[in-house]
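Have a look at the structure below before the remarks.
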Amino acid sequence: MRMRKASLAFVVLISSIFSARSLSAQAVSGTIVGNITDPTGSMVSNAQIALVLTGQSTVYSTVTNESGNFTEPNLPPGIYTLTITAPSFKKEVRDNVVIDTNTTTRVDITMSAGATTETITVSSAPALLQTDSADISTNIGQRQIADLPLTSGNSFQSLLNTVPGMAPVVFNNSQFFNANNDLSVNANGQSSYVNLYQIEGIDDDQRTGIHIILVPPAAAIASVDITTNNFEAEFGRAVGTVVNVTLKSGTNNFHGSVFQNMENNGVNARNYFATGSNGRLVYNYTGASIGGPVLKNKLFFFGDFLRVSDHEETTFNTNIPYYNVVGNSLNLSGYSGQVYDPNTGDAVLV
């Protein structure tokens, strides 16, 4: 049997990020919280907090309250530089502060007395325990997506195998019913039908709940957040896992990629039960992406293109009637096995 499958996915993301505060929900953004104190442990109020998103130079600002606490919600996921200034204290700078989707990052700082012209910079810090939210989640970033091998049609869903509590992902149903190569996974023993997939906080599930609508290519993904327990209220429909995909956005520099993955019958093993030559197979997974600035430090764009072409001949086993039972005659005298009526299941004497 000859099967032909050709699918074309075109995803274009244009994101406009201004210096004003983002209005995104926590499901598609992150939050940073912290407490600012002096060397004696007293709270520092009205300290100026500034966060600069690396690559875009977008600035998010806030101040500490009378208890020395600060909160900055609705931050786009990414790597930030955190700067704290207050009268009579040295400027404190923290580089490489990572903000992940649906995650609260805590940074507590003790300021040192001195002139505001003096600066203390910490270029890296150890990962902090998640203490400000109760959900159990795993974040897969761009580095992991780029470095880890993607199986099953180069799908990002194969990375779910690295998350604790996940059964190995599998391809379910035929290519006709599952043309976008969606993979199925069971989280913590729950049915795959009770998972929730989102792209930028928008539901990506089909109405049947069996498959997702769009599987974005890895080249377009900035991060994947997988929550497996203690979901927030906005994920009330989920029982198994919540998978939220954040797409890439442009930066102040142009960047892009071109990729192709090819598979053909010349390098594939022959089906063990096939008596003839290896069937024809030509599979191409081709795409490109590009992003950059429209207005530097203010407006950015990102777009990607993906085309999957699959021409395949497959070998399968089936049953065919003997020559003496074809037509109007039903001669089973030469058949030694037991025959059953397909309508009733009763044995037939021959």
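A short reminder: the numbers here are calculations on the coordinates, not readings from a lab. Here the structure is a predicted model, which means the values were calculated and not measured. All Cβ positions, glycine included, derive from the backbone under ideal geometry; neighbour counts span all protein chains shown.
Observations
- For the listed peptides 216-227, 166-177, a ranking on the average number of other beta carbons within 10 Å per residue, highest first, reads 216-227, 166-177.
- Computed label-point distance, nm, for sites THR37 and ASP346 using a 7 Å Cα→Cβ extension: 8.8 nm
- Close amide H partners of ASN229, meaning residues 5 or more places away or on another chain with modelled amide H under 5 Å apart, are ILE136.
- For ASN188, the residues whose modelled amide H falls within less than 5 Å of its own, excluding neighbours fewer than 5 places apart on the same chain, are MET166, ALA167.
- Bridge type composition, the range 26-122 - antiparallel percent by DSSP, nearest 5: 75 percent
- Local electrostatic count at SER257 - Lys and Arg +1, Asp and Glu -1, tallied over other residues with Cβ under 13 Å: 0
- Cβ-based net charge around ASP182, under 12 Å, with every Lys or Arg adding one and every Asp or Glu removing one: -2
- Ranked by the mean number of other Cβ atoms within 10 Å per residue, highest first, peptides 195-202, 241-248, 82-89 order as 241-248, 195-202, 82-89.
- In a simple Cβ point-charge model (Lys, Arg +1; Asp, Glu -1; nothing else charged), the range 26-122 has a dipole of about 80 debye relative to its Cα centre.
- Gain on full extension, evaluated as 0.36 nm per residue between THR85 and GLU313 minus their Cα-Cα distance, stands at 75.4 nm.
- For ILE213, distant residues with modelled amide H under 5 Å away: ASP205, GLN206
- Surrounding net charge for MET43, when Lys and Arg each add one and Asp and Glu each subtract one, Cβ distance under 12 Å: -3
- Centroid-to-centroid, using Cα positions, the range 287-315 and the range 163-207 are 23 Å apart.
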